[in-house]
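Enquirer: After the C-alpha cells below, expect a handful of questions from me.
Read-outs throughout are calculated quantities, based only on the coordinates presented, and are distinct from any laboratory measurement. Bear in mind that the values here come from a model prediction, so they are computed numbers and not experimental data. As a convention, Cβ positions derive from the backbone with ideal geometry for all residues, glycine included, and neighbour counts pool all protein chains shown.
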Amino acid sequence: MAMYTTLISAEELIALQAGGAPLMVFDCSFDLMKPEAGEQHYRAAHIPGAQYANLDTDLSAKHGVPNTRGEVVVAQADEGPPASGGRHPLPSREKFTAWLCSVGFANDMQAVVYDRNGANYCGRLWWMLKWMGHEAVAVLDGGLQAWQAAGGELTAREEPARFQSNFVPGRPLVNLVDTRSVAAHLDQAGQTLIDARAAARYRGEVEPLDPIAGHIPGALNRPFTENLGPDGKFKPAAQLRAEFESLLAGRDPATVVHHCGSGVSAVPNVLAMQIAGLGPTALYAGSWSEWSNTPGLPTRQGADA
C-alpha cells in the first residue's frame, strides 16, 4: 500500500477507503471565535468513519491557562507539563499518546486529516503525528470541499466508539523549537523566522488576540493562505518552491523556523515547504502569543523586518 506523507487527494482517499487498509480519518474543523462550531459542523456532516479532533481539548494542553481566579490549572499531574507555551500549548507527548490510544489510532494506520478551513487546523494534527514519529499522515488536499466535489459521501451519523489501541510514540520526525532558542538565535544567520499571520497583524496594524501588536524582529511574512490556489488546494510544488525561494532571497531553507499567533496556522507553511522539496523546517509552537507575553523580548512594528 502506498504511504501518504504530505497530501492526499479526495480520489486517492476514496480508493484507500475502498481498499480496506488500516486507516483513520480525522475531522479537525474549528472556529477560533466560536470554539463549539467545529464539532457542530462535524456532527452535521463529515466523512464516514471520521473521528473529530478538537483543537482546544484534544490537540492543545490546558496547562498554563489561568482560570477566572487567575490560577494556573494542571488537568492531571501525570500528563506532565505542556510541550510549548502560547494560546494553544502543545500537550505533552504522554497526554497526546493517551488521546491517540483512546480513539483507537494504531502505529500501522494511515492517518488522513482534513478541515473546512483551508488546511488551517488539520495541519496541527498532521504536524503532531509527525512529532510522535508517525510518518503515514497526510492532509486531504482541498479539505471537505474537495471531498464533496469528488463525489465523496457525507454522513451525520454518530460514529461508533473504537477499541482502545496501544499507540507507541517514536522519535520525532519534525523539529520543535522554544522561545529560549528563538531568542538566542535572533538576528543570526543560522535562523530564518517566517511569520504565517496576515500582513496587517504582522505589521502590527491590528491585533485581535494578543497583548502586543507587531512581530518578532527579523521575521519574514508569508500568510499561510498564500499556499493555496483558487480551488482551495495547495499550489503545485514548483510554484511553492519558487515563491519560498523568492521570500528567502538566498537564505538557507534549513534555517527556517515557522511561527504564527499560536503555532497552528504556521503549519501550512511547514507543509508547503515540505511539498516544495525545501523541508524539513522547524516550528516555534509558542509563536507570537508566547513571545509577546514573555517580558523583556523585543518586538517590531511596520512593514520592514
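Enquirer: I need the fraction of alpha carbon pairs in segment 185-238 separated by more than 19 Å, rounded to a whole percent.
Expert: Working: 613 of 1431 pairs.
Summing the P(r) of segment 185-238 above 19 Å gives 43 percent of all pairs.
Enquirer: Counting helices only, and only those DSSP H runs with n ≥ 4, report the 222 nm mean residue ellipticity of the chain as the sum of -39,500 (n - 2.57) divided by its residues, in deg cm²/dmol to the nearest 500. Write out the running numbers ahead of the final one.
Expert: Numbers: 10 runs with 82 residues, N = 305.
It comes out at -7500 deg cm²/dmol, rounded to the nearest 500.
Enquirer: Give the order of Met128, Met3, Met273 when sorted by the count of other beta carbons within 10 angstrom, beginning with the fewest.
Expert: Numbers: Met128 26, Met3 9, Met273 23.
Starting with the residue having the fewest Cβ neighbours, the order is Met3, Met273, Met128.
Enquirer: Considering the alpha-carbon set of the chain alone, what are its Rg and its Dmax in angstrom?
Expert: When restricted to Cα atoms, the chain yields Rg and Dmax of 18.8, 55 Å.
Enquirer: Wrap a convex hull around the Cα atoms of segment 1-58, take a quarter of its surface area, and give that in square nanometres.
Expert: Values: hull surface 19.0 nm².
Computed as one quarter of the Cα hull surface, the answer is 4.8 nm².
Enquirer: Let me ask something else. For the chain, which longest stretch is free of loop sites, where a loop site is one of the trypsin sites (Lys or Arg not before Pro) that DSSP puts outside H, G, I, E and B and that has at most 12 other Cβ atoms within 10 Å? List each step's numbers first, then the result.
Expert: Details: sites that count: Arg69, Arg157.
That gives 158-305 as the longest site-free run.
Enquirer: So for segment 7-149, what are the equivalent ellipsoid semi-axes in whole Å, largest first, each being the square root of 5 times an eigenvalue of the Cα gyration tensor?
Expert: Details: eigenvalues 154, 62, 27 Å².
Equivalent ellipsoid semi-axes, largest first: 28, 18, 12 Å.
Enquirer: Mind checking the angle between helix 237-248 and the chain's longest principal axis? C-alpha axes, 0 to 90 degrees, to the nearest 10.
Expert: The angle comes out near 20 degrees.
Enquirer: Counting only DSSP beta bridges with both residues in segment 175-291, what percent are antiparallel, rounded to the nearest 5?
Expert: Details: 1 of 12 bridges.
That works out to approximately 10 percent antiparallel.
Enquirer: Can you tell which of Thr155, Leu209, Ala276 lies farthest toward the positive end of the dipole of segment 134-291, using +1 and -1 charges on the Cβ of basic and acidic side chains (Lys, Arg; Asp, Glu)?
Expert: Ala276
Enquirer: Okay, moving on. In segment 219-296, if every C-alpha pair distance is counted and binned at 5 Å from zero, what percent goes to each bin?
Expert: Once binned at 5 Å, the Cα pair distances of segment 219-296 give 3, 16, 26, 25, 16, 9, 4, 1, 0.
Enquirer: Same structure again: Report, in cubic angstrom per residue, the convex hull volume of the C-alpha atoms of segment 135-290. Can you show the working numbers first?
Expert: Numbers: hull volume 26.8 nm³, N = 156.
For segment 135-290, the hull spanned by Cα atoms encloses 172 Å³ per residue.
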